[in-house]
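The values are calculated or read from the model by the stated rules, or taken from the named source; none is laboratory data. Since this is a predicted model, take the numbers as computed values, not measurements. Please note: Cβ atoms are built from the backbone with ideal geometry, for glycine as well, and neighbour counts cover all protein chains shown. Ligands, DNA and RNA are excluded from the accessible area calculation, which covers all protein heavy atoms including side chains. Shrake-Rupley method; radii C 1.70, N 1.55, O 1.52, S 1.80 Å.
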Amino acid sequence: MASLTFSSISRSLPQSAMMARVSDKSSSRKDIGFSLGKRDFGLTVTNVATPQRPVIAVPLPPEKEKYSVERNHVAWTSVRQERWEGELVVQGEIPLWLKGTYLRNGPGMWHIGDYNFRHLFDGYATLVKLHIENGRLIAGHRQIESEAYKAAKENKKLCYREFSEVPKPDNFLSYVGELASLFSGASLTDNANTGVVKLGDGRVVCLTETQKGSIIIDPDTLDTIGRFEYSDTLGGLIHSAHPIVTESEFLTLLPDLVSPGYWVVRMEPGSNERKVIGRVNCRGGPAPGWVHSFPVTEHYVVVPEMSLRYCAQNLLRAEPTPLYKFEWHPDSKAFLHVMCKASGKIVASVEVPLYITFHFINAYEEKDEDGRLIAIIADCCEHNADTTILDKLRLNNLRSFNGQDVLPDARVGRFRIPFDGSEFGELEAALDPDEHGRGMDMCSINPAYLGKMYRYAYACGAKRPCNFPNTLTKLDLVGKKAKNWYEEGAVPSEPFFVARPGATEEDDGVVISIVSERNGEGFALLLDGSTFEEIARAKFPYGLPYGLHGCWVPKN
């Protein structure tokens, strides 16, 4: 993979190294042009949050790179340098009401030295920002300086257990020691490459599924501030990668691998202490099901129990299995549990058809004509109980696309959990999967509708043939229709909805995505949340790798 090119923000570099500098004595904007291989770019560079550190880094020419992996798409290629910042030229018009910073987190570096990682989820975290104000867009990216990343950089090798990667022991004794450190959590990664959230107190935290992989960052400079240390004594090694975060609370699930079940916990704004709301005991299987995400309603937490369950034996393996840290146990069945937020009591627990999901979309309480609660509706990106989706995300599969249609089918799975004492719940498609090309993942909604009845969601769908979701899709769950944005060869990341201040319509806002192009380029994209038409785009100086999840930090 690519050799690393590091730039110091406080250091002046020669023009031959293709670095652009904005002097503190010059105006705050300077238009520069530069050439990358045979492509010319126009770039407006600015000094945004830190005027005393204005140097902007631009990539070295491709001929200087030393790796030989086939680079058929920049989406699956390691980021070219550790950090960059600059203002982008906007084509179209950004609404003047849009003021704040979109942050996107994801795995952006899939190699250490000459060693290439195997899975999309293994990559070291790359944080991207789009600061939008007065119709202008300042972009930047930076590696999150986790202990795993810093140790790998220093030692030129993998030092912590990633999603599918395990450090190679030098001898048997070191192997035994590494196993011991696994049980203590010391060898688990803190590579916070999955999500990024703004807590109610304003702190911004990057997350992954290991609890130690909770890292506070500065949303303006993207600097790594330090680890988010939980001050409670709840312990455990893993948690849901997607907590429910609002201005008033932080909810998450802690799987119990010893006595299979889940602790439902809450954390108040300004606190690092999680407090237990209640516990759900698993109804099947040797271990709890994977809980990458979960939904909530206004009064309840929905705890999913998938048949894709954590597997201690696979955790110990030095080489990955097709299901990595998990095992598929269809005989153990699948369940959904509903817990009251206020009391911690389980008010419903139903068996449902087998399902596979990474991401729940939303949930709400269904009431009858008299206002009595009769069911919980929970929507997710559901992969038709097909576990092969995990292995399809190996980098070799993503990089070797030859035009065949190999992306497993997916749908908007809608669960109905009845409150009449029934033992069984329902699962069906919320709309015809052909509306979104039978591909579905990476979703967002208007946050004002979290836990409430809603109509619209934004996700990534599919334009067949493909091997990965390649469209942006607006889902109308009432009209049971979808609108799709697509450009040939493009791989867009999660569409993130930002509501217009004062809006009264659910879809009044903009949708932000970062797009990687097959030709090695890329751009930031803004779509109108209502019409789903493009309103603006801004080209990056070079394409960025695919990212996962984001958040919005409004400007005060």
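Could you tell me whether Ile417 is out of contact with any helix residue (DSSP H, G or I) (no Cβ under 7 Å at 6 or more places or on another chain), under 20 Å from Val352 (Cβ atoms) and surrounded by 18 or more Cβ atoms within 10 Å (Cβ to Cβ)? Spelling it out, Ile417 is indeed out of contact with any helix residue (DSSP H, G or I) (no Cβ under 7 Å at 6 or more places or on another chain), under 20 Å from Val352 (Cβ atoms) and surrounded by 18 or more Cβ atoms within 10 Å (Cβ to Cβ). Can you go through Gly502, Gly451, Gly461 and tell me which one is of a type outside the set (S, T, N, Q) and within 30 Å of Asn396 (Cα to Cα)? Only one candidate qualifies: Gly461. If the condition is being crowded, with 23+ Cβ neighbours inside 10 Å, farther than 16 Å from Trp328 by Cα and in contact with an Asp or Glu (Cβ under 8 Å, 6 or more places away or on another chain), then segment 281-299 contributes only Pro295. State all residues of segment 390-401 that are out of contact with any helix residue (DSSP H, G or I) (no Cβ under 6 Å at 6 or more places or on another chain) and within 18 Å of Ala490 (Cβ to Cβ); if no residue qualifies, say none. The one that is out of contact with any helix residue (DSSP H, G or I) (no Cβ under 6 Å at 6 or more places or on another chain) and within 18 Å of Ala490 (Cβ to Cβ): Phe401. Annotation note: of Leu158, Leu179, the sole residue that is part of a helix (DSSP H, G or I) and either at pLDDT below 95 or of a type in the set (Ser, Thr, Tyr) (or both) is Leu179. Is it true that some residue in segment 502-511 is in a loop (DSSP other than H, G, I, E, B), free of Cβ contacts under 8 Å to residues at least 24 places away in the same chain and either buried (at least 19 other Cβ atoms within 10 Å of the Cβ) or of a type in the set (S, T, N, Q) (or both)? Checked against the condition, which is being in a loop (DSSP other than H, G, I, E, B), free of Cβ contacts under 8 Å to residues at least 24 places away in the same chain and either buried (at least 19 other Cβ atoms within 10 Å of the Cβ) or of a type in the set (S, T, N, Q) (or both), segment 502-511 yields at least one hit.
Taking residues in segment 535-550 that are over 19 Å from Trp110 (Cβ atoms) and charged (D, E, K, R), and partners anywhere that are modelled with pLDDT of 95 or more and open to solvent by 10 Å² or more (accessible area, probe 1.4 Å), the pairs with Cβ atoms closer than 9 Å and at least 6 places apart or on different chains are Arg537/Val90; Arg537/Gln91; Arg537/Gly92; Lys539/Val89; Lys539/Gln91; Lys539/Glu521. Each residue in segment 312-338 was checked for being open to solvent by less than 40 Å² (accessible area, probe 1.4 Å) and either at pLDDT below 90 or not hydrophobic (A, V, I, L, M, F, W, C) (or both), and 6 pass.
Residues in segment 483-494 include at least one that is in contact with a Gly (Cβ under 8 Å, 6 or more places away or on another chain) and either hydroxyl-bearing (Ser, Thr, Tyr) or in contact (Cβ under 8 Å) with a residue 60 or more places away in the chain (or both). Of all residues assigned to segment 188-200, at least one qualifies as being open to solvent by 30 Å² or more (accessible area, probe 1.4 Å), farther than 28 Å from Gly285 by Cβ and modelled with pLDDT of 95 or more. Is it the case that segment 391-407 has a residue that's open to solvent by less than 20 Å² (accessible area, probe 1.4 Å) and closer than 17 Å to Pro304 by Cβ? No, segment 391-407 contains no residue that is open to solvent by less than 20 Å² (accessible area, probe 1.4 Å) and closer than 17 Å to Pro304 by Cβ.
Among the residues in segment 339-348, are any among the aliphatic types (A, V, I, L, M), touching a residue at least 60 places away in the same chain (Cβ under 8 Å), assigned to a strand (DSSP E or B) and open to solvent by 20 Å² or more (accessible area, probe 1.4 Å)? Checked segment 339-348: at least one residue is among the aliphatic types (A, V, I, L, M), touching a residue at least 60 places away in the same chain (Cβ under 8 Å), assigned to a strand (DSSP E or B) and open to solvent by 20 Å² or more (accessible area, probe 1.4 Å).
Restricting the search to strands (runs of 3 or more DSSP E) fully inside segment 213-265 and requiring at least 2 residues that are aliphatic (A, V, I, L, M) and either open to solvent by less than 10 Å² (accessible area, probe 1.4 Å) or over 24 Å from Ile144 (Cβ atoms) (or both) gives 215-217, 250-256. Figure legend. Inter-residue proximity from segment 349-362: first residues among the acidic types (Asp, Glu), second residues open to solvent by 20 Å² or more (accessible area, probe 1.4 Å) and modelled with pLDDT of 95 or more, beta-carbon distance below 7 Å, spacing 6+ or different chains. Indicated pairs: Glu351/Lys333; Glu351/Glu423; Glu351/Phe424.
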